[in-house]
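Beneath this line is the structure, given in structure tokens, with notes to follow.
The values are calculated or read from the model by the stated rules, or taken from the named source; none is laboratory data. Source: prediction; values computed, not measured. When we count neighbours, we look across all protein chains shown, and the Cβ atoms used for this are built from the backbone with ideal geometry, even at glycine.
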Amino acid sequence: METPFSGGCACGEIRYTCTAAPIAMLNCHCRDCQVSSGAPFASGIIVALAATRVEGTPSTYAVTATSGGKTVRSFCGKCGTPLFTRGDAIPDFMSIRFSTLDDASAFKPMLDIFVSRAQPWTCTDAGIPQFEMSPPGAA
């Protein structure tokens, strides 16, 4: 993925730009991602918070993560587009929903996480590493 990259919500109220290359691109199959995405998994780009600028003020809600820490999800309060996820486990990073990219074709998943929670009819054999829960070291 080329840097910088940018994106935003469907109505344009929230925009972001990231000036650093993604740390990872992944598909998360946890139940919270299923519910928040309205799909069998959520695809995201992990980026450094310090390299990301957000214009506008997203709405947020928090849930308790599998780790026991807090996960905060951000979305556009006007159009409802899911945007970002931040967690206590890795506070200097966030996940950006791939569907919000100006060029979503640049998303190339590198791994699947929480496949132990994947819906049985979801295809998870894309030839990328798979982790039953979070990858080691991701907390």
Which one of these is surrounded by fewer than 16 Cβ atoms within 10 Å (Cβ to Cβ) and either of a type in the set (S, T, Y) or free of Cβ contacts under 8 Å to residues at least 12 places away in the same chain (or both): T57, T52, T85, T71?
T57
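Mind checking whether some residue in segment 61-83 is in a helix (DSSP H, G or I), under 14 Å from A10 (Cα atoms) and out of contact with any helix residue (DSSP H, G or I) (no Cβ under 7 Å at 6 or more places or on another chain)?
The initial filter retains those residues of segment 61-83 that are in a helix (DSSP H, G or I), namely none.
Checked against the condition, which is being in a helix (DSSP H, G or I), under 14 Å from A10 (Cα atoms) and out of contact with any helix residue (DSSP H, G or I) (no Cβ under 7 Å at 6 or more places or on another chain), segment 61-83 yields no hits at all.
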Can you confirm whether segment 92-114 contains a residue that is in contact with a His (Cβ under 7 Å, 6 or more places away or on another chain), in contact (Cβ under 8 Å) with a residue 24 or more places away in the chain, assigned to a helix (DSSP H, G or I) and over 23 Å from M1 (Cα atoms)?
no
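Identify, please: which residue in segment 115-139 is of a type in the set (V, I, T) and out of contact with any Ser or Thr (no Cβ under 6 Å at 6 or more places or on another chain) and is, among those, farthest from T3 (Cα to Cα)? Don't jump to the end; show me each part of the working.
Let us first name the residues in segment 115-139 that are of a type in the set (V, I, T), namely 115, 122, 124, 128.
Among the residues that remain, those that are also out of contact with any Ser or Thr (no Cβ under 6 Å at 6 or more places or on another chain) are: 122, 124, 128.
Details: T122: 31, T124: 28, I128: 23 Å.
Within segment 115-139, the match that is farthest from T3 (Cα to Cα) is T122.
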Output the residue which, of all residues in segment 103-139 that are of a type in the set (G, A, S) and within 17 Å of the chain's Cα centre (by Cα), is surrounded by the most Cβ atoms within 10 Å (Cβ to Cβ).
A118
Taking only segment 1-48 into account, find how many residues are assigned to a loop (DSSP other than H, G, I, E, B), surrounded by 20 or more Cβ atoms within 10 Å (Cβ to Cβ), free of Cβ contacts under 8 Å to residues at least 60 places away in the same chain and touching a Pro at 6+ places or on another chain (Cβ under 6 Å).
0
From (1) within 17 Å of S36 (Cα to Cα); (2) more than 15 Å from the chain's Cα centre (by Cα), pick out the condition that doesn't hold for T100.
(2)
Every residue from segment 106-139 that is modelled with pLDDT of 80 or more and either within 24 Å of P58 (Cβ to Cβ) or of a type in the set (K, R) (or both):
A106, F107, K108, P109, I113, F114, R117
Would you mind finding the one in L26, L49, L83 that is over 23 Å from A118 (Cα atoms) and of a type in the set (A, V, I, L, M)?
L49
